[in-house]
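I have placed the structure first, in the form of structure tokens, so that the comments after it can refer back to it.
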Amino acid sequence: MYEEAGFIAYYFHWPHDDIMSMEHRERRKWCEQISKINRNMNDEPENPFDVFNKR
């Protein structure tokens with residue numbers, strides 16, 4: 001949970017309480033979206049070992 005919260009807070013700068021009030025599934029979805037944005041910005045292929053990918 002804290003890894004997901006830290007990941008979202010680092011990239012989107014959302015407040016701690018907002019992130020922690022999300023359900024796990026919603027936090028995971030945001031983590032996936034952030035990872036996707038980063039891959040697209042870096043022109044990287046999808047990484048099957050990405051921690052926040054495909055969970």
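Here is how the numbers come out for the structure above:
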read-out	value
Matching residues in the range 11-42 - criterion: being of a type outside the set (A, V, I, L, M) and touching a Lys or Arg at 6+ places or on another chain (Cβ under 9 Å)	Arg28, Cys31, Glu32
Residue ID - surrounded by the fewest Cβ atoms within 10 Å (Cβ to Cβ), chosen from residues in the range 1-41 that are among the acidic types (Asp, Glu) and assigned to a helix (DSSP H, G or I)	Asp17
Among (1) on the phi > 0 side of the Ramachandran plot; (2) of a type outside the set (Val, Ile, Thr); (3) at pLDDT 90 or above - the single one Asp43 does not satisfy	(3)
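The values are calculated or read from the model by the stated rules, or taken from the named source; none is laboratory data. Just so we're clear, the structure is a prediction, and the values are computed from it rather than from any experiment. So basically every Cβ, Gly included, is an ideal-geometry build from the backbone, and we count neighbours across all protein chains shown.
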